[in-house]
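Here is the structure we will look at.
What follows draws every value from the coordinates through simple rules; no lab data is involved. These numbers were taken from a predicted model, which means no experiment stands behind them. Please note: Cβ atoms are built from the backbone with ideal geometry, for glycine as well, and neighbour counts cover all protein chains shown.
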Amino acid sequence: MDKTFEVIVVGGGFAGVAAVKALGRSGVKVLLIDQHNYHQFQPLLYQVATAQIGVSDVTRTFRGMFQRYRSATVLTAKVEAVDVHAHTVTTADGDTFHAQIMVLAAGAEANFFNTPGAEEHAYPLYSVTDAVRLGNAMVRALDAAQREGAESRGVHVVVVGGGPTGVETAGAIAENFRYVVPKYYSDGVAARSSVHLVDMVPSILGPFSDKNKSYATRRLQQAGVRLKMGSGVTEVRPDGVDFADGTSLPSQIVVWAGGLKAGAVVAQSGLEQGRGGRIDVNPDLTAPGSTGVYVLGDAANMTDARGEKLPQLGSCAQQAGKWAARNIHADLRGGTREPFAYLDKGYMAMIGRGAAVAEIGRKRLQVQGPLAFLAWLGVHVVLLSGNRQRVSALISWADDYLTHSRSHVVLGNPD
Ligand SMILES: Cc1cc2nc3c(=O)[nH]c(=O)nc-3n(C[C@H](O)[C@H](O)[C@H](O)COP(=O)(O)OP(=O)(O)OC[C@H]3O[C@@H](n4cnc5c(N)ncnc54)[C@H](O)[C@@H]3O)c2cc1C
């Protein structure tokens, strides 16, 4: 295999895939390196963990995605080192590749903020592997509760982090306890179980309007989620969580949706790291202090053309990938790099059946309830990669909505 390319992209998430597609379309010789041979759609991982949809609905092979782009090459390998001055990338297998332009789009990982016990005992939700692990843990805890019979105290879940990921995860688990678990487990396992959503800040869904926050809070509580806001987690133990206010919650499962930091590749690159360990990129998405290096998506602190900070969202990463490809084209074929002009489509969060919140567009048009739920469905069907994945997810959602059945198996090791 060639060792020299015009462009190397590290990481095939939203940003990397968008960049490779755009570069491949215009015949640029590009190498995508990812530790997996598939792209994973993070926004629906919580639905994989709760068996609403299957692993194959949120994954798609890179080779399938790029087969029509003859100038694009895919390599499955973990990147261990990048040299942003020599423009080389070295993989765990010991191979080194060189390119004129490097794109670091290796995403983020859970940030446990040095909370004792969190890394050992909590379940992050940032990859398909994480989702399968969490789903397995849930099944094991439910099975154990059923085995214990009337003696069982049920399954208690604490979700740490009241942002969209935490809200969606807590809502989905609560719905499972209310509608799905009673269908499959006897002995009142579901009735004795609980879901707590906790955060150190006073309210959930930080960037949303007060109206949407109140709606989401009410709907979560109606679904059975207990909220504990305003006190940080000080320790995660195998059997519970301790808080700064001196209280504790017993729990067999702690889901960590409490923060992110840039992944190891960025930390190792030697580029100066800003908030969350991310790189404060220039307006044209290049990294300061280097030449021909772009940093995109969750690995970067990006700004829009007005200089406003952009959130860590799939839509930002995807648009940044496309934009970087344009600028790279200018670097390689002649032209001028342009500052990233982000088209702000707003954000949304699903709470549960028929309930979601959305703030649409730059003007933040506020929508709640069934309309937001339908908007959420529409946006996620469009965003999902692959027609088979879209159809399959739609069938699963319809089945879930109408019957509360779970036809998906949570695969994985029983550890
Ligand atoms: C649970 C969850 C729910 C979310 N919900 C939403 C939502 O509803 N809407 C929304 O807009 N955004 C949502 N987001 C955020 C969105 O998914 C991210 O902002 C987006 O995925 C970032 O894209 P990225 O390309 O920067 O990184 P990622 O998608 O994280 O991709 C990074 C890629 O790099 C690869 N990689 C990492 N390290 C290495 C290495 N050393 N070697 C090789 N490959 C490597 C990984 O395998 C991965 O494929 C959610 C995120 C999570 C975790």
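Once each of the GluC sites (Glu not before Pro) sitting in a DSSP loop with at most 12 other beta-carbon atoms within 10 Å is removed, the chain keeps 1-271 as its longest stretch.
I want the antiparallel fraction of DSSP beta bridges within the chain, as a percent rounded to 5.
That works out to approximately 45 percent antiparallel.
Sequence-distant contacts, meaning Cα pairs under 8 Å at least 6 residues apart, place the relative contact order of the range 290-415 at 12 percent. Among the trypsin sites (Lys or Arg not before Pro) found in the range 51-126, those both in a DSSP coil and sparsely packed, with 15 or fewer other Cβ atoms within 10 Å of their Cβ, are Arg68, Arg70, Lys78. For the range 182-302, a crude dipole built from +1 on the beta carbon of Lys and Arg and -1 on the beta carbon of Asp and Glu, taken about the Cα centre, is about 560 debye to the nearest 20.
Were the residues from Glu235 through Arg275 laid out at 0.36 nm apart, the gain over their Cα-Cα distance would be 12.0 nm. Under 5 Å between amide hydrogens, built in the peptide plane, is the criterion, and for Val157 it picks out Ser194, Val195, His196 among residues at least 5 positions away or on other chains. Residues in the range 57-72 carry Karplus couplings, in order, of 6, 10, 10, 8, 5, 5, 4, x, 5, 10, 4, 7, 9, 5, 8, 9 Hz; the curve used is 6.51 cos²θ - 1.76 cosθ + 1.60 with θ = phi - 60°, and Gly or Pro positions show x. Summarising the label geometry, the points placed 7 Å from Cα in the beta-carbon direction at Lys211 and Asp187 lie 4.8 nm from one another.
In the range 111-203, what trypsin sites (Lys or Arg not before Pro) fall in a loop by DSSP, with at most 14 other Cβ atoms inside 10 Å? Don't skip to the answer; put the middle values down first.
Working: sites: Arg133, Arg140, Arg147, Arg153, Arg178, Lys183, Arg192; in loops: Arg153, Arg192.
Sparse-neighbourhood loop trypsin sites (Lys or Arg not before Pro): Arg153.
Once divided by 2.2 N^0.38 Å, the Cα radius of gyration of the chain becomes 1.00.
Bridging of Lys228 to aspartates and glutamates at a Cα separation below 13 Å is possible for Asp199, Asp242, Asp245, once same-chain residues fewer than 8 apart are set aside.
Residue by residue, the range 207-212 carries 3J(HN,Hα) couplings of x, 7, 5, 4, 4, 5 Hz when phi is fed to the Karplus relation 6.51 cos²θ - 1.76 cosθ + 1.60 (θ = phi - 60°); x denotes Gly or Pro. Helix-only arithmetic for the chain: the sum of -39500 (n - 2.57) across DSSP H runs with n ≥ 4, divided by the residue total, places the mean residue ellipticity at 222 nm at -10000 deg cm²/dmol. All other residues whose Cβ lies under 12 angstrom from that of Val254 are scored, Lys and Arg at +1 and Asp and Glu at -1, for a net of -4. Using the Cβ of Arg353 as centre and a radius below 11 Å, the other residues enclosed give a net charge of 0, where K and R count +1 and D and E count -1. The equivalent ellipsoid that matches the C-alpha gyration tensor of the range 122-176 spans semi-axes of 23, 13, 8 angstrom, in descending order.
A cut-off under 13 angstrom between Cβ atoms defines the neighbours of Phe97, and their net charge, with Lys, Arg +1 and Asp, Glu -1, is -4. Listed by chain and number, the lysines placed with their C-alpha closer than 21 angstrom to that of Lys345 are Lys211, Lys213, Lys309, Lys322, Lys363; residues fewer than eight positions away on the same chain are left out. Quick one: Cα centre-to-centre distance for the range 206-258 and the range 349-382, in angstrom? Taking the Cα centre of each part, the range 206-258 and the range 349-382 sit 22 Å apart. Here's the picture: charge each Lys and Arg Cβ at +1 and each Asp and Glu Cβ at -1 in the chain, and of Ala106, Leu332, Ser127 the one pushed furthest to the positive end of that dipole is Leu332.
Over all distinct Cα pairs, what is the inverse of the mean 1/r for the range 1-80, reported as the Kirkwood hydrodynamic radius in Å? Spell out each step's value before the answer.
Details: mean 1/r = 0.0757 Å⁻¹.
Evaluated on the range 1-80, it is 13.2 Å.
How big is D for the range 87-220, in µm² s⁻¹ as a whole number, if Stokes-Einstein is applied with the Kirkwood radius of its Cα pairs at 37 °C and 0.692 mPa s? Intermediate values should be presented prior to the final figure.
On the way: Rh = 17.9 Å.
D = 184 µm²/s.
Overall shape of the range 262-372 was characterised from the C-alpha gyration tensor. The equivalent ellipsoid obtained from it has semi-axes of 30, 17, 11 Å, in decreasing order.
If you place +1 on the Cβ of every Lys and Arg, -1 on the Cβ of every Asp and Glu, and leave all else neutral, what size is the dipole of the chain about its Cα centre, to the nearest 20 Debye? Could the numbers behind the result be given before it?
Values: 40 positive and 37 negative charges, 298 e Å.
For the chain, the charge dipole is close to 1440 debye.
Take every pair of alpha-carbon atoms less than 8 Å apart whose residues are at least six positions apart; their mean separation over the length of the chain yields a relative contact order of 20 percent. Estimated translational diffusion coefficient (Stokes-Einstein, Kirkwood radius over Cα pairs, 37 °C, 0.692 mPa s) of the range 266-325: 288 µm² per second.
Using the reciprocal of the averaged 1/r over all distinct C-alpha pairs, how large is the Kirkwood radius of the range 1-159 in Å?
Taking every pair of different Cα atoms in the range 1-159, averaging 1/r and inverting gives 17.9 Å.
Looking at Gly246, Gly258, Met348, which one has the Cα that reaches farthest to the positive end of the dipole of the chain (charges on Cβ: Lys, Arg +1; Asp, Glu -1)? About the Cα centre, the residue reaching furthest to the positive side is Met348. Distances between placed amide hydrogens fall under 5 Å for Thr88 paired with Asp83, all partners being 5 or more residues away or on another chain. The H on the amide N of Asp280, modeled in the peptide plane, is under 5 Å from the matching H of Gly274, Asn301, each at least 5 residues off or on a different chain. Listed by Cβ neighbour count within 10 Å, with the fewest neighbours leading, Tyr294, Tyr123, Tyr401, Tyr69 appear as Tyr401, Tyr69, Tyr123, Tyr294.
Quote the FRET efficiency, to the nearest 0.05, computed for Gln268 versus Val139 with a Förster distance R0 of 35 Å and r equal to the Cβ-Cβ distance. Write down the numbers at each step before the final one.
On the way: r = 36 Å, r/R0 = 1.04.
Once the sixth-power term is evaluated, E becomes 0.45.
Sorted from fewest to most neighbouring beta carbons within 10 Å, what does the list Met102, Met348 look like? All intermediate terms of the calculation are to be shown ahead of the outcome.
Working: Met102 27, Met348 22.
So the ranking, lowest neighbour count to highest, is Met348, Met102.
Can you sort Lys322, Lys213 by how many other beta carbons sit within 10 Å, fewest first? Can you show the working numbers first?
Working: Lys322 15, Lys213 18.
So the residues, fewest neighbours to most, are Lys322, Lys213.
Rounded to whole numbers, the Karplus 3J(HN,Hα) couplings from phi for the range 107-122 are x, 9, 9, 4, 10, 8, 6, 6, 5, x, x, 5, 5, 6, 10, 8 Hz, using 6.51 cos²θ - 1.76 cosθ + 1.60 with θ = phi - 60°, and x at Gly and Pro. When Rg and Dmax are taken over the Cα atoms of the range 215-292, they come to 19.2, 53 Å.
With 17 Å as the cut-off, how large is the P(r) tail for the range 182-232, expressed as percent of Cα-Cα pairs? Write out the running numbers ahead of the final one.
Details: 596 of 1275 pairs.
Within the range 182-232, distances greater than 17 Å cover 47 percent of Cα pairs.
As a length-normalised measure over Cα pairs under 8 Å and 6 or more apart, the relative contact order of the range 62-112 settles at 21 percent.
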